[in-house]
1. For each pair in K16/K135; K262/K323; K48/K280; K256/K323; K15/K39, compute the distance between the two Cα atoms and list the pairs where it is over 20 Å.
2. Can you tell me the length gained on complete extension of the stretch Q200 to Q127, counting 0.36 nm per residue apart and subtracting the Cα distance?
3. For the range 64-73, what does the Karplus curve 6.51 cos²θ - 1.76 cosθ + 1.60, with θ = phi - 60°, yield as ³J(HN,Hα) per residue in whole Hz, taken in order and with x for Gly and Pro?
4. Once Rh for the range 2-143 is found with the Kirkwood sum over Cα pairs, what is the Stokes-Einstein diffusion coefficient at 25 °C and 0.890 mPa s, in µm²/s?
5. Tell me, what ³J(HN,Hα) does each residue in the range 274-288 have, in order and in whole Hz, if you take phi through Karplus 6.51 cos²θ - 1.76 cosθ + 1.60 with θ = phi - 60° and put x for Gly and Pro?
6. For a quick check: with amide H placed at 1.01 Å from N, whose amide H comes under 5 Å from L106's, ignoring anything fewer than 5 positions away on the same chain?
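Read-outs: derived from the displayed coordinates by stated rules, not from any lab. Since the model is a prediction, treat every value here as computed from it, not as a measurement.
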Amino acid sequence: MVGLGLVVIPIRQNKKPHVACWQHAVLADSLRWIEEFPKANIALLCGKRSGITVIDVDEPGDFALREALAFFGETPLIARTPRGGHHLYYRHSGEPRYVKYEKRSLDILGEGCCVMPPSKTRTGDYQWILGDSAKFSELPHIQCERLGMLQTPAKKGAIEPKNGRRDNVSKGHRNRWLFDSLRTVAKTENDQETLGRTAQSLNQTLDQPLPGDEVRTIAQSVWKYKSEGRLMAVGQASVVALPSQWAFDLSAGALKLLVQMKSVHGAKKGSPFFMTYQSKDFYGLSLPSLRKYLSELESRGFIEFIERGVKGQRHATRLRLLK
């Protein structure tokens, strides 16, 4: 899961987290926890940090599942819970967390965490019944006509959204809202055209939609940030999407270092950069560990050394990313 850029947390069989302050976790934390809790169950951190919203259907049986799919839209990724309920996975579009949405037996997990397969709890196992982890890159958004209904519950005295519109986004903040929303979902979009369509759909949920040319400009700007490796999703570090196979090719320490290097140097697109003696502190590693993981990345074809520093003289090492 971490190889897909998803933020996951280790949990016990009673579904309680092994770690504190998990609500603020980022990808680097997940990489560290893999080493600390290799046999733990896992839960996905929903919302902005992973770019995923989960519909938790508590009522068991196919009827409740079909009803939820008809309401929120089809998805290629569904898991069954130990008690016979279902988890429906979608791309995050700013949905908040709703418990017992519209007094139904379902929750909208736009925040918080969600236990994932293949976790085994005291009440049973979580299992994929449609798709698997490879489908995370193909997730759709919740149906656009529902987006305006999924607002954070209004405070007492606030004006409620009308007709599914986002009238809580003021006219002077529409551009920023759309830009931030696209930054959240862009990491799972496969091409600029798809991101453009998403932008147009989100724009139509505004009470006063932006002109079409402004929407296209915002979408182009977000796509440029993504293509240059400078995409910063709201509330998290620079997004680095990695092929899932990389998580199996590398040790956890080497994978963590690779993610960190891509976050810092990914925009250079293969151009050389330097690592000095002080780099060990920047990456939070001892010097022997840094050398060990760099050697592993080189042997697996992820980096290339152009000029090696001289041991004992603290000369800078020059290298570049190959993948």
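1. K16/K135; K48/K280
2. Gain on extension, Q200 to Q127, equals 22.8 nm.
3. Whole-Hz 3J(HN,Hα) from phi for the range 64-73: 4, 5, 4, 5, 5, 5, 5, 7, 9, x.
4. Rounded, D is 162 µm²/s.
5. 10, 10, 10, 4, 6, 4, 4, 6, 4, 8, x, 10, 6, 4, x
6. D58, K100, Y101
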